[in-house]
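**Student:** Pasting in a structure now, in structure tokens, and then I'll have a few things to ask.
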Amino acid sequence: MAAMIRPEMYTKYPSLQKFQDNSENTVESHDGREIVLLKHIYDHPALDTQLRGSPAAILAAMDDFAAQILVELGGYVGYSAILFASAMLAQSGGDAADKDIRLYSLEADPLVASIAMNLIDLASLSHIVKVVVGPAAHSLRRLHAEGTFSRIDMLFLDHVEDLYEPDLKLCEELGLLHKGSLVVADNVVLPGAPQYREYVRQNPRFESWGVKGLIIPGEVEDELEISRVK
């Protein structure tokens, strides 16, 4: 397989690199993902109202299963959304893989959300990033009920620190997190989210650790709390 792929294609489509070293060890099917896909479809909140009897809706749900979905709570003016989306786009191979990338930026303040929308559009990322206005908990429930997404691969918490724990618990309640999902919480030291950190570190479902970061280089340190669903 590797001999048939032009070298420049590895740069354009990084996912092809798995064929470069040893194609005999590459697992493309029959690794358990098929059952997970079926469960994803039958657990879909719009199974009876939209999917059943609709080939197009089922195909869309299968695309959603294959997509990389990032949700951030607290989008502010769009900096992190632009950063995440551009990195995801570069990693997945550019325009050819746009349909496999979705980032939902949930922001409670309509004014700053409108600023984020403009900057995201200016960055030509509006086809990937969807800014959702409203309180995070309400938006999560609505988007889940509408079938916009039924799982989250990465959850970035960067809104009100006191809401980190209840909003994470809501994501668990809705069944949005799956094995391997990452939850990244910013500002867990300054201004601080001690209850959230205690929750994820004592919860046997998560493996959690802190990563130091700088607010003012050389002077003020903060930390990210990174949690992975086991």
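**Student:** So for K179, K212, what's the accessible-area order with a 1.4 Å probe, most first?
**Tutor:** Values: K179 165, K212 135 Å².
Sorted descending by solvent-accessible area, the residues read K179, K212.
**Student:** Considering only protein heavy atoms and a probe of 1.4 Å, how much of the accessible area of the range 156-230 is carbon and sulfur, as a whole percent? Intermediate values should be presented prior to the final figure.
**Tutor:** Numbers: 2170 of 4040 Å².
Carbon and sulfur: 54 percent of the exposed surface of the range 156-230.
**Student:** Oh, and also: Counting other Cβ atoms within 10 Å, which GluC sites (Glu not before Pro) in the range 149-229 have at most 15 and lie in a DSSP loop?
**Tutor:** Numbers: sites: E161, E172, E173, E198, E207, E219, E221, E223, E225; in loops: E219.
In loop regions of the range 149-229 (DSSP not H, G, I, E or B), the sparsely surrounded GluC sites (Glu not before Pro) are E219.
**Student:** Still on this structure, please answer the following. Given a 1.4 Å probe, how much area per residue of the range 123-230 is accessible, in Å²? It would help to have the intermediate numbers written out before the result.
**Tutor:** Numbers: 5400 Å² over 108 residues.
Spelled out: the 1.4 Å probe surface of the range 123-230, per residue, equals 50 Å².
The values are calculated or read from the model by the stated rules, or taken from the named source; none is laboratory data. Since we're looking at a predicted model, the values are computed, not measured. Every residue, glycine among them, receives a Cβ derived from its backbone with ideal geometry; neighbour counts consider all protein chains shown. Heavy atoms of the whole protein, side chains included, go into the accessibility calculation; ligands, DNA and RNA do not. Shrake-Rupley method; radii C 1.70, N 1.55, O 1.52, S 1.80 Å.
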